[in-house]
Amino acid sequence: MKTKINGVQIGYDDFGKGPAVLFIHGYPLNRKMWRRQVEPLVNDGFRVVLTDLSGFGESELRANAGDLNAHADDLVGLLNYLGIGRAVVCGISMGGYVLFDLLERYPQRVAGACFVVTRPVGDDVQERVKRAELRAALERGEIDEVREAFMQVLVAPKGKKVRSPDMREVCEWVRSTDPRGLAAGLEAIGRRKDYTPLLKRLSLPTLVVGAEEDRVIHPLHSELLARHLPNCFRAVSLKGGHLVNLEKFQAFNSHLLDFLRSLVPQAEPECDEPADELG
């Protein structure tokens, strides 16, 4: 499905009925990466909302897509459009960065937060240099090389072949990403601030999921994140790579459902009437 949010077309899916769960995908992917979570959650009585961030999947690229604030604003606009007052929000990698921004500026819209292979800190010097190199490569037209660089770290731990149909499809998603979306996403990730001071103020329930074989975000970041969250329901590290929700979807879904069931009294499934869209 598609709708206009804050002036641009946004792709989304809305499944089931019940307390709402909003999923935010990682870079450089799209909402399809959450497909393994849809049926189990809907069958358990939850409403599942998936969306493409601006510049990815079916969502148009907005002029300020290089700013995490714009992506968080779009999420709130989509919640308003769907008549959802509060939702549990689950973000992976870049989706986690957007979630931090959402929690800082729109805390009243989040009933619970699930952080998947993400981190609150900004880039260090080495990472900033690497992102600058990737953006320069895109400007030179080396699009396939940039896509290949991300596929190498996303789809399988070092030394393992890609056999999973899910992981092969991930490669297709990366290859289909608009080069402009690739550049804007790199800019948004690189410009993000350090959200560590925010953590101690987050009283809402949280779940943290790390991945032992992640080549993008070191598992220690998940451990440190969990230690700083005052109301962490559970912190787990699954034996998988960066896309742990696909690689280890059964274990991931089990932990996520445990978390969601504990939140049912706190999550509001929907508003009586949709609020106005953000301007």
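The values are calculated or read from the model by the stated rules, or taken from the named source; none is laboratory data. Keep in mind the model is a prediction, meaning the values are calculated, not measured. Cβ: placed from backbone, ideal geometry, glycine included. Neighbour counts: every protein chain shown. For accessibility, only protein heavy atoms count, side chains too; no ligands or nucleic acids. Shrake-Rupley method; radii C 1.70, N 1.55, O 1.52, S 1.80 Å.
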Label residue 228 and residue 4 with points 7 Å out from Cα along Cα→Cβ: what is the distance between them in nm? 4.0 nm
Give the shape of the stretch 1-150 as rounded, prolate or oblate, defined through the alpha-carbon gyration tensor: a ≥ b ≥ c are the square roots of its eigenvalues, a/c under 1.5 means rounded, and otherwise the shape is prolate if a/b is larger than b/c and oblate if not. prolate
Specify whether the C-alpha gyration tensor of the stretch 106-253 places it in the rounded, prolate or oblate class, a ≥ b ≥ c being the square roots of the eigenvalues: rounded for a/c under 1.5, otherwise prolate if a/b is larger than b/c and oblate if not. oblate
What's log10 of I(q)/I(0) for the chain at q = 0.07 Å⁻¹, Debye sum over Cα points only, no solvent? -0.22
The chain: calculated mean residue ellipticity at 222 nm from DSSP helix runs of at least 4, using -39500 (n - 2.57): -13000 deg cm²/dmol
Highest GNM mean-square fluctuation, the chain, Cα pairs closer than 10 Å: which of 107, 28, 19? 107
Pick from 72, 63, 226: which residue has the top mean-square fluctuation in a GNM of the chain where Cα pairs under 10 Å get a spring? 63
Separation of the residue 136 and residue 172 label points, Cα + 7 Å toward Cβ, nm: 3.5 nm
Report the label-to-label distance for residue 216 and residue 262 in nanometres (one decimal), using points 7 Å from each Cα along the Cα→Cβ vector. 2.6 nm
Go ahead and collect, in residue order, the members of the stretch 1-24 whose backbone nitrogen is under 20 Å from a label point 7 Å along the Cα-Cβ direction of residue 42. 1-3, 11-24
Please give the per residue accessible area of the chain, computed with a probe of 1.4 Å over protein heavy atoms only, in Å². 43 Å²
If you roll a 1.4 Å probe over the stretch 131-243 with all protein chains in place, what percent of the accessible area is carbon or sulfur? 50 percent
Multiply the residue separation of residue 201 and residue 128 by 0.36 nm, subtract the distance between their alpha-carbon atoms, and state the gained length in nm to one decimal. 23.5 nm
Taking the chain as a Gaussian network, Cα atoms linked when under 10 Å apart, which of 138, 75, 224 shows the biggest mean-square fluctuation? 224
